[in-house]
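Structure below; questions to follow.
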Amino acid sequence: MEPFANTKSAAGLGRRILKTLMQIPRRFANETRLDMRYAVRALLRSPGFALVGITSMGIGMGLTTMVYSTNWRLITRELPGAANAKRLAMPDKSVPYYYIEQYREQKGLFSDVAALQTGVPFNLTFQNDANEKPERVFGQLVSADYFSVLGVQPQVGRVLSPDLDKPGDAPVVVISDRFWRHRLNSTPHPVGQILRLNGQPATIVGITPRDFNGALSLNPSELFVPITAPASLAPELANDVLHDRNAREFLAMLCLAPGVRVESAESALDTINRRLDEQDPSGPLRNDIDKGRRINLLSAGTMAPLSRKLKPVVVAFYAALMGLIMAIACMNLASMLLARGATRRKELAICLALGASRFRLIRQMVREGVLLSLLGGIAGFGLAYGIAALRSRFSPPMAVPVESNFSPDWHAVVFLFLLALVCGVGFSLLPALRATKVELTPALKEGLAPPLPGYRRVGMRNLLMVAQVAGSLMLLLMTGFLVVGLTRVSGVQTKFDPHTMYLLSIDPARDGYSPEKAQALFEKLPEQLKNSGPVTSVALAAQAPFSVEDEDQAVQMTAEDPWGASSVQQAVTKETVGAGYFTALSEPMLAGREFVDQDQRSQADRSQVLPVVLNASAARGFFGNGSATGKRLKDDGQSYEVVGVVRDLKNGIVISQSSVIYLPLTLRNFARPPAGGMTIMVRSDAGADALNGIRREIAVIDPHLNIFNVGTLSGYLELSQAAERFAVNTYGGIGIFGLVLTAIGLAGVTAYSVAQRRREIGIRMALGARKGQVLLLAMREGTALVSVGAVLGFLGAFALAKMLSSLINVFADALKAGTGDPRLIVGAPLLLTGLALLACYIPARRAVRIDPQKALREE
């Protein structure tokens, strides 16, 4: 019987333990419900405090969520649907397809390797709408192993496969989920449908997973076409580009083998590239300058691949930005709760006298803070969603569309919820500990704590306010530097009325033109357009004037020195323009000449010396103050002769002035226009009739030629600068946010100080102190805090501006212009100080209304 009794006793103990464990969540949920109900009543009793707190946290969390949903998401979120995202890497520069085939043989380094071209345009028509105007969509040319390298499985149908998609097979295409939903209206049977791409049929074989827009999805792709497709469907594959060892047209997507580090793969790949370069007799000759590393691997498993050196800097910058915004908001709420706690001491003392534990009161006050933070998070999510919707409307005009829809998703909801919990506990815990540390008898008798020493005491509350003032001034100055700098250096000033220049684009290669026919079209087009009406000038270009310069695509060029001295090398950005380009922009040459029709008839092969025009920055960088015309440059085996110099032409988006080299349009450009098509620039004073005349003239040449991107230069610049204006307004809003929160926090601190010193002030007034003296006494603490915080914030802002200028080139000119503006250097501290003193003055006026008799009676 004894073993049976022991078993029964053990079973009973187990049931009791299990019952207790099951009751813990129920009890916790019940206590939370009661605490939250009381917290709601407490906030309703103080609607002004609740409104200010929710607004403060809402603004802070909204701005933080906006940063998280856009910039942070780009550099940290893995590619949707890509199972191998953590193992993906890619070189920072394109290479010949032959090199990628050699990479595939390195089985010890890579599980597999794919090739791709991104931002490839296609003229799209549907099988039943062959006579409709083509839509221009963008996709990728990919090798058949592309999806297996990424680890992407189809949503419907199949993806490309080396076993099924071979050269000579009928063209196929994989479409994105976005394409299926928006262009096919989510048709239930998309697989097997025929699309006409550049006039050629291609069969849909599959749909990618939802939200998958391809590798490098910052430029979203809607179509994925195999590189086995014919050149008539994809002009990028013409001229046997897959076997041309000088055609550096493809990006390599590498899936690292298990256990292989990026550093090891990068070193091995650099050695392979050197060997392949040396084996190519037609490749460029390398000199001592080229002995540096030629391969840098980027982490390719995110939307925006970054190098290993740059990624920590970018992550740290955005983490610091989000931390600064939330720190200001939390310090503000902590200061307000400290002030509010001073008025609740009698209430808390009564609760303690009735038997409530201090832990119970602290838990209640913390949950009030969490509720306030959660309500602020809801408001912040609405603010972040609204900012994202506005931002999507201000996407800059790009040859290849850029992803601009970064509306907060469920990741942002989870981030915001956790942020609200952490901040709610963080800003309410210290005030709760301070407020519940009371002596019962004095608190029950007086309702207030004994007075603390004056403003000279260095306490946690004062340190919080000094940090908040310093952080707010740093935020105000930094945003001011950027706003003023962006406004000063990013405006485009043309020497003519931009309403009189008309822009339009055509791409005959994707309208079915052969290379010879396309070349003939562009050679005669300028003269024919001059007959369309009162046209002042016509020019061609590979991009619209004042377009975005991608400094990441800058190339190293070297000035040839005939005397054998040390060569000058610098990074330059290439732009391709046609004859008469600078005349059309009314830009006189600083030296030499611009391109003429004869320059456009070259084949642009390595045996020719191409004429180039430099901007003033490039000319100074290569040749100092000497003459640049007639001098030679080279890069990657191609030689150039400088025929002219023009002033720096800045656009409305990129801030820092880079060195630019202008190359002439050649027959190769005419045979295969760039992704944005060939831009036609027409100057005319005929108003709206000018566009009609241009359209009629092109229709005479070929009525089926697709015309797109039609508008005026004025409209293009307006669209270009819309993104900059939105950024300026956003930065300005962040600065105002810091000002408002600082004012609220200082008002709370002053109110707290007045509440603490109520009896002292009553005694002073009973002894004959004047109202002005009492007011000065009440404001003295706030004034000291503002002064110390302003000095620290001023020094911190200039230190941060200097650091950012050295790390991020795009901010260099804006911060340089902003930090030299006396309106900011003098005005920002004065504005903050004035607003802060006003915030201190309003609650300090309560001090002069204290009735001395009531204050002494409380004693």
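Considering only segment 69-117, how many residues are of a type in the set (S, T, N, Q), open to solvent by less than 50 Å² (accessible area, probe 1.4 Å), under 30 Å from A231 (Cα atoms) and touching a strand residue (DSSP E or B) at 6+ places or on another chain (Cβ under 6 Å)? Don't jump to the end; show me each part of the working.
Of the residues in segment 69-117, the ones of a type in the set (S, T, N, Q) are 69-71, 76, 84, 94, 102, 106, 111, 117.
Still in the list and also open to solvent by less than 50 Å² (accessible area, probe 1.4 Å): 69-71, 84, 94, 102, 117.
Adding the requirement that they be under 30 Å from A231 (Cα atoms) leaves 94, 102, 117.
Okay, now just the ones that are also touching a strand residue (DSSP E or B) at 6+ places or on another chain (Cβ under 6 Å), so 94, 117.
Number satisfying all stated conditions: 2.
Considering only strands (runs of 3 or more DSSP E) fully contained in segment 82-175, which possess at least 1 residues that are more than 25 Å from G677 (Cα to Cα)?
Qualifying strands (runs of 3 or more DSSP E): 88-91, 110-126.
Find the residue count for segment 236-274, including only residues that are of a type in the set (D, E) and at positive phi.
Within segment 236-274, the first condition is being of a type in the set (D, E), and the residues that meet it are 236, 240, 244, 249, 263, 266, 270.
Those left that are additionally at positive phi: 240.
Within segment 236-274, residues that are of a type in the set (D, E) and at positive phi number 1.
Evaluate the following for G168: is it among the small types (G, A, S), more than 24 Å from L237 (Cβ to Cβ) and surrounded by fewer than 22 Cβ atoms within 10 Å (Cβ to Cβ)? Even if it seems obvious, please write down each step before you answer.
Details: among the small types (G, A, S): yes; more than 24 Å from L237 (Cβ to Cβ): no; surrounded by fewer than 22 Cβ atoms within 10 Å (Cβ to Cβ): yes.
Here the answer is no, as G168 does not meet what is asked.
So which of E222, E263 ends up being closer than 25 Å to L298 by Cβ and open to solvent by 40 Å² or more (accessible area, probe 1.4 Å)? Before the answer, list the steps.
Values: E222 fails: open to solvent by 40 Å² or more (accessible area, probe 1.4 Å).
Of E222, E263, the one residue that is closer than 25 Å to L298 by Cβ and open to solvent by 40 Å² or more (accessible area, probe 1.4 Å) is E263.
From the residues in segment 116-141 that are more than 27 Å from the chain's Cα centre (by Cα) and of a type in the set (A, V, I, L, M), which one is farthest from L256 (Cα to Cα)?
Among those that are more than 27 Å from the chain's Cα centre (by Cα) and of a type in the set (A, V, I, L, M), it is A130.
Looking at segment 106-124, which of its residues are modelled with pLDDT of 90 or more and over 19 Å from L298 (Cα atoms)?
The answer is V120, P121, F122, N123, L124.
Output the residues belonging to segment 765-808 that are open to solvent by 70 Å² or more (accessible area, probe 1.4 Å), more than 22 Å from A467 (Cβ to Cβ) and either at pLDDT below 75 or among the β-branched types (V, I, T) (or both). Even if it seems obvious, please write down each step before you answer.
Step one: of segment 765-808, the residues open to solvent by 70 Å² or more (accessible area, probe 1.4 Å) are 767, 770-771, 773, 776, 780, 788, 791-792, 795, 802-803, 806-807.
Applying the additional criterion that residues be more than 22 Å from A467 (Cβ to Cβ) yields 767, 770-771, 773, 776, 806-807.
Those that are open to solvent by 70 Å² or more (accessible area, probe 1.4 Å), more than 22 Å from A467 (Cβ to Cβ) and either at pLDDT below 75 or among the β-branched types (V, I, T) (or both): L767, K771, S806, L807.
Identify all residues within segment 177-212 that are assigned to a loop (DSSP other than H, G, I, E, B), within 18 Å of R73 (Cβ to Cβ) and open to solvent by 20 Å² or more (accessible area, probe 1.4 Å); write none if there are none. Explain how you work it out, then say what you get.
Of the residues in segment 177-212, the ones assigned to a loop (DSSP other than H, G, I, E, B) are 183-193, 198-199, 208-212.
Filter again for within 18 Å of R73 (Cβ to Cβ), leaving 209-212.
Matches in segment 177-212: P209, R210, D211.
Next up: Collect the residues in segment 699-731 that are in a helix (DSSP H, G or I) and either on the phi > 0 side of the Ramachandran plot or modelled with pLDDT of 80 or more (or both), keeping them in residue-number order. Give the steps one after another, and end with the answer.
Our first condition is that a residue be in a helix (DSSP H, G or I); within segment 699-731, this holds for 699-701, 713-731.
Listed by number, the residues that qualify are A699, V700, I701, L713, S714, G715, Y716, L717.
Which condition from (1) surrounded by fewer than 16 Cβ atoms within 10 Å (Cβ to Cβ); (2) among the polar types (S, T, N, Q); (3) in a loop (DSSP other than H, G, I, E, B) is the one that S658 breaks?
(1)
Scan segment 305-320 and give yes if some residue there is in contact with a strand residue (DSSP E or B) (Cβ under 6 Å, 6 or more places away or on another chain), of a type outside the set (S, T, Y), within 30 Å of A83 (Cα to Cα) and modelled with pLDDT of 80 or more, otherwise no.
Yes.
Continuing with this model, one more query. Residues being closer than 23 Å to T666 by Cβ and of a type in the set (G, A, S): count how many of those fall in segment 607-635. Break it down stepwise before answering.
To start, the set of residues in segment 607-635 that are closer than 23 Å to T666 by Cβ comprises 607-615, 618-619, 622, 628-635.
From what's left, of a type in the set (G, A, S): 607, 618-619, 628, 630.
Looking only at that region, the number is 5.
Does at least one position in segment 483-492 carry a residue that is among the hydroxyl-bearing types (S, T, Y) and modelled with pLDDT of 80 or more? If you could, list the steps in order and put the result at the bottom.
From segment 483-492, those among the hydroxyl-bearing types (S, T, Y) are 487, 490; that's our starting set.
Among the residues that remain, those that are also modelled with pLDDT of 80 or more are: none.
No, every residue in segment 483-492 fails to be among the hydroxyl-bearing types (S, T, Y) and modelled with pLDDT of 80 or more.
Related question: Just for segment 578-637: of the residues that are at pLDDT below 90, at negative phi and touching a Gly at 6+ places or on another chain (Cβ under 7 Å), which one is least open to solvent (accessible area, probe 1.4 Å)?
Once the filter is applied, the top-ranked residue is Q600.
How many residues does segment 418-433 contain that are over 15 Å from L464 (Cα atoms), more than 26 Å from the chain's Cα centre (by Cα) and not small (G, A, S)?
Residues meeting the conditions: 3.
Under 8 Å between Cβ atoms, at least 6 apart or on separate chains: pull out the pairs that start in segment 694-708 with a residue that is open to solvent by less than 40 Å² (accessible area, probe 1.4 Å) and end on any residue that is aromatic (F, W, Y) and outside any helix (DSSP H, G or I).
Cβ pairs passing all conditions: I694/Y502.
The values are calculated or read from the model by the stated rules, or taken from the named source; none is laboratory data. Please read all numbers here as calculations on a predicted model, not as lab measurements. Backbone-built Cβ (ideal geometry, glycine too); neighbour counts: all protein chains shown. The area values use the complete protein model at the heavy-atom level, side chains included, leaving out ligands, DNA and RNA. Shrake-Rupley method; radii C 1.70, N 1.55, O 1.52, S 1.80 Å.
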